[in-house]
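Worksheet: the structure to be examined is printed underneath.
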Amino acid sequence: MASVQTHTTAPAATAAKAWEPRIIGFLCYWCSYTGADMAGTARMKYPANVDIIKFMCSGRMDPELIMQAYAKGADAVMVLGCHIGDCHYMVGNHKTMARMPLIRRVLGDLGIEPERFRHEWVSAAEGAKFAELVAEVTEQVRKLGPLNWPQKMHDSGVGHGMDLKPWGEV
Amino acid sequence: MSEGNGNGKKKVAMFWAASCGGCDISLLEIGARVLELIKIADVVFWPCAADFKYEDVRNYPDGYIDYCFYNGAVRNSEQEEVARLLRQKSKTLIAYGECAVDGGIPSLANLATKAEIFDRSYHSSPSTVNPQHTEPQEITPSPYGDLEIPRMYERVLRLSDIVPVDYLLPGCPPQADRVWEAILALATAAVPERNDMVKVGCTDKSVCDECPREKKLIKIKEFKRPHMVRPEPEWCLLEQGLICMGPATRSGCGALCVKADMPCRGCYGSSGTTEDQGTAMIGTIGSLLDATTEEEAHRLIDEIVDPLGTLYRFTMASSYLKGAK
């Protein structure tokens, strides 16, 4: 199974440093990644808060990976793909598009703010749009503050066992 | 109850933690085969069916119990203490049923905080009258000494969040035939003596694999709930607009619900290809929508009532996010 690698640092160690938003960007190879590449080659400036993960198609991006990214410490997730009609695989991004409303609803029900999930179409020519998007999402997340799911899980005892308080010898 | 290991029988225990009690009943559902079971095994702890005290278990030597079936999620300090005690006293610990394996329905409580649950249960629900705002206290002083009750935890946990588990036997409840197969496999050492969270009594495939219904490759035009329609026989329920968890659910049940015109509720947990049952289903549903624009997809998705409770009905504690923020 595919897996997202993000922070492996212990939660306590990350809290000590000044917090910076950490955004995981799932970018399709044919358009959005090339667009991001263009932003780089054109020397456009954008915040270094996004970690890009390249996918062959945004339609291939399993929603599981979005959850995994939050669970492992991402503050926000971006999913970028080709504009409708431009998909290299004809209908890959139609599947991405159809999945978005349910993903948004589930994330909302889980208490994750809508600003922490962004889905946009970025073509290979839209380097500037990519740079603006990263800046915008970074600013929004900075205002919201850290999501810090691993710390939350740690505090509520998930995966670590609880401090065993005997409730009395019978 | 036998003394020592003199009679050569295996020693079996069953414990009921945060669950409905259906698991205890499902073990009896093996019917007359229970007579075969007691030929090969002695019950040394089963609070639901026989009079054993925790003290009896504490007095057993470590590793005394051969097979311990622990059903139910871990919700409070008593359940954690017994989980640790049974782990110490058991050679093989089996998480029995979906609550112990994946959190089950109790883990939907992870969508609310402990404070919210207490408020609802003891103050704000319409049927509650509690003018003194009484809430359960861990320690209550009394003339006869302090009275203690177990502490409820902030979250519902799986058994494997607390102690190492050898086998997982999923299902809500596990089907009797699968339970019997698993017991025989354990008794005849057809599965390794000790293992790390191997799923038994199920397969690695999905419920669709066992489902007799036919797919017509027709996309979903509207979502319906089971009480709203009488589904057409022999046609995939998901394509008929009923949210059937079959594609994301481990098989083993024999597709019982779908054969009875009811969509799969996902009670055997995630299938072998994914760890997060709900997101696997999000992907599946997304691919099946009859929508050419995001607005159309939105309109269809808005028809789904309680997506979180539907997609993670049995596996909230096993999902990546484990609960709400």
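Sequentially through region B:26-43, phi angles give Karplus couplings (6.51, -1.76, 1.60; θ = phi - 60°) of 5, 5, 7, 5, 5, x, 5, 5, 4, 5, 5, 4, 6, 5, 9, 9, 9, 7 Hz, Gly and Pro residues having no value and appearing as x. Treating each Cα of the protein assembly as shown as one equal point scatterer and applying the Debye formula with no solvent, the log10 of I(q)/I(0) at q = 0.07 Å⁻¹ comes out as -0.45.
Per residue of A:90-97, other chain Cβ atoms within 10 Å of the residue Cβ number 3 on average. Residue ranges B:90-101, B:243-254, B:131-142 sort as B:90-101, B:243-254, B:131-142 when ordered by packing (mean number of other C-beta atoms within 10 Å per residue, highest first). Other protein chain C-beta atoms within 10 Å of residue C-beta, averaged over B:267-277: 2.
What is the average number of partner chain Cβ atoms found within 10 Å of a Cβ in B:286-297? Don't skip to the answer; put the middle values down first.
Details: counts 12, 6, 2, 7, 1, 4, 4, 4, 8, 1, 3, 7.
Mean inter-chain Cβ contacts per residue within 10 Å come to 5.
The calculated FRET efficiency for B:HIS133 paired with B:THR113, based on their beta-carbon distance and R0 = 22 Å, is about 0.75. Ellipsoid fit via the Cα gyration tensor, chain B: semi-axes of 37, 28, 15 Å, each the root of five times an eigenvalue, largest first.
What full-extension length gain, to one decimal in nm, is calculated for B:LYS325 and B:GLU294 as 0.36 nm per residue of separation minus the Cα-Cα distance?
Values: separation 31, 0.36 × 31 = 11.16 nm, distance 2.67 nm.
Working it through step by step, the gained length comes to 8.5 nm.
Rounded to the nearest 10 degrees, the inclination of helix B:77-89 to the longest alpha-carbon principal axis of chain B is 70 degrees. Please list, in order, the residues from region A:98-113 whose amide nitrogen is less than 19 Å from a point placed 7 Å along the Cα→Cβ vector of B:ASP302. Once the point is set 7 Å along Cα→Cβ of B:ASP302, A:98-109 turn out to lie under 19 Å by backbone N, inside region A:98-113.
Apply 1/(1 + (r/R0)^6) to the Cβ-Cβ distance of B:ALA260 and B:CYS48, taking R0 = 25 Å, and write down the FRET efficiency to the nearest 0.05. Intermediate values should be presented prior to the final figure.
Values: r = 28 Å, r/R0 = 1.12.
E between B:ALA260 and B:CYS48, to the nearest 0.05, is 0.35.
Once the Cβ-Cβ distance of B:ASN7 and A:MET56 is raised to the sixth power relative to R0 = 45 Å, the FRET efficiency obtained is 0.15.
Computed extension gain for B:LEU28 through B:LYS91, at 0.36 nm per residue and net of the alpha carbon distance, reaches 20.4 nm.
If you place +1 on the Cβ of every Lys and Arg, -1 on the Cβ of every Asp and Glu, and leave all else neutral, what size is the dipole of the protein assembly as shown about its Cα centre, to the nearest 20 Debye? Walk me through the numbers before you get to the answer.
Values: 54 positive and 64 negative charges, 134 e Å.
Its charge dipole is roughly 640 debye.
FYI, it's all coordinate maths here, none of it is from the lab. Computed from a predicted model, the values in this text were never measured in an experiment. So basically every Cβ, Gly included, is an ideal-geometry build from the backbone, and we count neighbours across all protein chains shown.
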